[in-house]
1. Could you calculate the contour length gain from Lys116 to Val45, that is, 0.36 nm times the residue separation minus the distance between their Cα atoms, to one decimal place in nm?
2. Please find the FRET efficiency linking Tyr22 to Arg103, where r is the Cβ-Cβ separation and R0 is fixed at 25 Å, and quote it to the nearest 0.05.
3. For a paramagnetic label modelled at 7 Å from the Cα of Glu129 toward its Cβ, which residues of region 74-90 fall within the zone defined by backbone nitrogen distances under 17 Å?
4. How large, in Å, is region 8-86 by the Kirkwood hydrodynamic radius built from its alpha-carbon pairs?
5. I need the fraction of alpha carbon pairs in the chain separated by more than 26 Å, rounded to a whole percent.
6. Mind checking which lysines have their Cα closer than 18 Å to the Cα of Lys116? Skip sequence neighbours fewer than 8 apart in that chain.
7. Rounded to the nearest 500, what is the chain's calculated 222 nm mean residue ellipticity when only DSSP H runs of at least 4 contribute -39500 (n - 2.57) each, over all residues?
8. Looking at the chain, which longest stretch skips every one of the GluC sites (Glu not before Pro) that is in a DSSP loop with at most 12 other Cβ atoms within 10 Å, leaving the sites themselves out?
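The values are calculated or read from the model by the stated rules, or taken from the named source; none is laboratory data. Computed from a predicted model, the values in this text were never measured in an experiment. Backbone-built Cβ (ideal geometry, glycine too); neighbour counts: all protein chains shown. These area figures cover heavy atoms from the full protein model, side chains too; ligands, DNA and RNA do not enter into them. Shrake-Rupley method; radii C 1.70, N 1.55, O 1.52, S 1.80 Å.
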Amino acid sequence: VKPPLPCGESYDTFMKEEGEIYESLKRRAKILVDGLNSIDGIECVQAEGAMYAFPRITNFPEKAIVEAKAEGQSPDTLYALSLLEETGICVVPASGFGQAPGRIGFRTTFLPPEDKVIKAVGEFKRHHELFCNKYS
């Protein structure tokens, strides 16, 4: 896509809209990462240059690890499927990204509108508490 030239009629509008989109993406990334970091047992570094966040679960229950192994899946796959079933939120298990041994987490995005990201953070928290209670 070729943006309008600086002398073009739509250039100012284009630049304004591009700036608004960029600022919204920055806000959404911050909402998501700060929200995930506010959940006990989840850590996430700030997203830089991508549309994804890669939170790590630091308090993954041992019983959930045992169940995942019994079902022939990785612990983060068990978590991702539980999240999907409980909330409708679809994430990608981090085990598919060559993570360090013992790291359990997932990849998620901050592309939905800001109000949906705020709602998702609440659902991440609700699910994480339910999951940890179920397997504690």
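1. Full-extension gain reported as 23.5 nm.
2. Plugging the Cβ-Cβ distance into 1/(1 + (r/R0)^6) gives 0.25.
3. Counting only backbone N, you get 83, 86-87.
4. So the Kirkwood estimate lands at 15.4 Å.
5. 32 percent
6. Answer for Lys116, where 18 Å is the Cα cut-off: Lys26, Lys30, Lys125, listed by chain and number.
7. -17500 deg cm²/dmol
8. In the chain, the maximal stretch lacking such sites is 72-136.
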